[in-house]
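These notes are about the structure you will find just below.
The values are calculated or read from the model by the stated rules, or taken from the named source; none is laboratory data. Everything numeric here is computed off the predicted structure, so don't read it as measured data. With ideal geometry, Cβ positions are generated from the backbone for all residues, glycine too; neighbour counts draw on all protein chains shown. For accessibility, only protein heavy atoms count, side chains too; no ligands or nucleic acids. Shrake-Rupley method; radii C 1.70, N 1.55, O 1.52, S 1.80 Å.
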Amino acid sequence: MIQAKGYAATSAISPLQPFTFERRDPRADDVVIEILYSGICHSDIHTARSEWGPAHYPCVPGHEIVGRVIAIGKKVKKFKVGDLAGVGCFVDSCGKCGSCKNHEEQFCAKHTVFTYGGTELDGKTPTFGGYSSHITVREKYTLKIKKGVPLERVAPLLCAGITTYSPLKRFKVKKGSRVGVVGLGGLGHMAVKLAKAMGAEVTVFSTSSSKEKDAKKLGAKNFLLSTNLDNFSKVVGKFDLIIDTVSASHDFTPYLNSLRMDGTLVLVGVAPEPNEVQAGSLIRRKQITGSLIGGIKETQEMLDFCARKKVFSDIELISAEQINEAYERTIKGKVKYRFVIDAKTF
Ligand code: NAP
Ligand code: ZN
Ligand code: ZN
């Protein structure tokens, strides 16, 4: 067994604390990764605090992982010791169902093994995430990271990047597409960069007037302060696609009104509380849908796209002991734009 050091929550109300545990030795198709960087996603906070229902404790969050391979199983082909590797939101799935065969393992009909807070395919071994020094993962669920990229800025791509890339691709965003992004946090800032890199004209909807300058620097053409409803009158019927990354309950009506006919509002933010949708805001043939991360094949495609286009996350690098403070700042929307933990500090 491999001794791992990390940080865990032990209840919904306790701060995360140092936690020591074991990772399995590599099986024939496993790689063992020494973690270098681990991003803090708002989903970590929702989970650690049981906001989406009771979590399993101890809970070691983290699913934006970049590291270096330090050992491999006998049958591993994709990686050798010393290679860079990434791990995202899941680490295994059945591999046989329609979704798995279709490269959409996040929708596995039997069991998507989420990187933390779930169980392995045996249904009982708990999974622990990336706020830790090491992780052992099947090579098939491990991503290749190209040499020469800024690794701490790549880590957030493993969740924030793929979660926004996937719907942009699904709705065929291209040069001239008009894309709105709601909420300028970890996911939102990646949505802006990726949509811009695909050629779209991007508008940011934000509750924070202080983020206007940043939004434009990140690639947005327009910024709309969403706390003043009068501002929406300028954008009625304008957007092909709006990606909503907000982590709290809010009214979708102004965003639906901002879509063109047959335009789509994609929800990726997962507020713990219910939202209301009025039929009247949909009947002009507006569509509302959701999106959940992306499969391994598409995640690799996104990482390669980002390396090619030099699209990386804007981050604040922190040490492990700053995790709890980082959670509080993330909840207040005061992060520019992703906290990433330096794994040397576990
Ligand atoms: P984040 O960094 O905290 O960003 C969320 C942003 O939403 C904030 O920066 C803020 O932007 C805005 N916001 C927060 N509270 C708000 C409120 N009460 N009203 C309006 N706007 C508000 O979070 P994140 O890591 O990007 O994650 C965002 C959401 O996506 C979370 O719910 C997370 O669980 C979910 N998520 C989903 C997937 C998926 O696969 N679907 C994957 C990852 C994360 P402004 O200051 O600009 O208003
Ligand atoms: Zn995430
Ligand atoms: Zn499956």
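Which ³J(HN,Hα) values, rounded to whole Hz and listed in residue order, are derived for region 93-100 from phi using the Karplus coefficients 6.51, -1.76 and 1.60 in 6.51 cos²θ - 1.76 cosθ + 1.60 with θ = phi - 60°, glycine and proline given as x?
6, 5, x, 10, 6, x, 4, 4
With +1 on each Lys and Arg Cβ and -1 on each Asp and Glu Cβ, how big is the dipole of the chain about its Cα centre, in debye rounded to the nearest 20?
In debye, rounded to 20, the chain gives about 1520.
If amide hydrogens are placed 1.01 Å from N in the peptide plane, which non-local residues have theirs closer than 5 Å to the one on Ala55?
Ser50
List, in the order given, every pair from Lys211/Lys336; Lys146/Lys297; Lys101/Lys172 whose Cα-Cα distance in the structure shown is over 18 Å.
Lys101/Lys172
Quick query: amide H of Ala8 versus all other amide H atoms, modeled in the peptide plane; which residues come in under 5 Å with a sequence gap of 5 or more or a different chain?
Amide H to amide H, under 5 Å and 5 or more residues apart or across chains, Ala8 pairs with Gln17, Phe19.
Can you give the FRET efficiency to the nearest 0.05 for Ala12 and Lys297, using r as the Cβ-Cβ distance and R₀ = 45 Å?
FRET efficiency, Ala12 to Lys297: 0.80.
Enumerate the amide H contacts of Gly185 below 5 Å, restricted to partners 5 or more residues apart or on another chain; note that Pro and chain-start residues carry no placed amide H.
none
Over the alpha carbons of the chain, what is the largest minus smallest coordinate on each principal axis, giving the biggest first in Å?
Principal axes ranked by extent give 60, 40, 38 Å for the Cα atoms.
Residue separation times 0.36 nm, minus the C-alpha to C-alpha distance between Leu317 and Ala248: what's the value?
Contour length minus Cα-Cα distance gives 22.3 nm.
For region 152-164, what does the Karplus curve 6.51 cos²θ - 1.76 cosθ + 1.60, with θ = phi - 60°, yield as ³J(HN,Hα) per residue in whole Hz, taken in order and with x for Gly and Pro?
Per residue, the Karplus-derived 3J(HN,Hα) values read 5, 8, 8, 3, x, 5, 5, 10, 4, x, 5, 5, 9 Hz.
Within the accessible area of region 160-290, what % is carbon and sulfur when the probe is 1.4 Å and the other protein chains stay in place?
Exposed carbon and sulfur together represent 50 percent of the surface.
For a label point 7 angstrom out from the Cα of Asn228 toward its Cβ, which stretches of region 183-212 have the backbone nitrogen within less than 16 Å?
204-212
According to the square roots a ≥ b ≥ c of the eigenvalues of the Cα gyration tensor, what is the shape class of region 255-340, taking rounded for a/c under 1.5, prolate for a/b larger than b/c otherwise, and oblate for the remainder?
Oblate shape, in that a/c is at least 1.5 and b/c is the bigger or equal ratio.
Do any trypsin sites (Lys or Arg not before Pro) in region 91-127 lie in a loop, going by DSSP, with at most 13 other beta-carbon atoms within 10 Å of their beta carbon, and if so which?
Lys96, Lys110, Lys124
Got a sec to turn the phi values of region 212-227 into Karplus ³J(HN,Hα) couplings, 6.51 cos²θ - 1.76 cosθ + 1.60 with θ = phi - 60°, whole Hz, x for Gly and Pro?
The phi angles translate into 4, 4, 4, 4, 5, 5, 6, x, 6, 7, 10, 9, 10, 6, 7, 6 Hz.
Applying 1/(1 + (r/R0)^6) with R0 = 25 Å to the Cβ-Cβ distance of Asp342 and Arg24, what FRET efficiency is obtained, to the nearest 0.05?
That pair, Asp342 with Arg24, gives E of 0.50.
By how many nm would the segment from Lys101 to Gln278 lengthen if fully extended, with 0.36 nm per residue of separation less the alpha-carbon distance?
So the chain would gain 60.0 nm between Lys101 and Gln278.
Classify region 160-290 as rounded, prolate or oblate from the Cα gyration tensor: take a ≥ b ≥ c as the square roots of its eigenvalues, call it rounded if a/c is under 1.5, otherwise prolate when a/b beats b/c and oblate if not.
Rounded.
Could you compute the FRET efficiency for Glu325 and Ser210, with r as their C-beta to C-beta distance and R0 at 25 Å, rounded to 0.05?
0.80
Going through region 30-129, which GluC sites (Glu not before Pro) have at most 14 other Cβ atoms within 10 Å and a DSSP loop state?
Here the sparse-neighbourhood loop sites are Glu120.
With the crude spin-label approximation of a point 7 Å out along Cα→Cβ, what separation in nm comes out for Cys94 versus Lys110?
Reported label-point gap for Cys94 and Lys110 is 0.6 nm.
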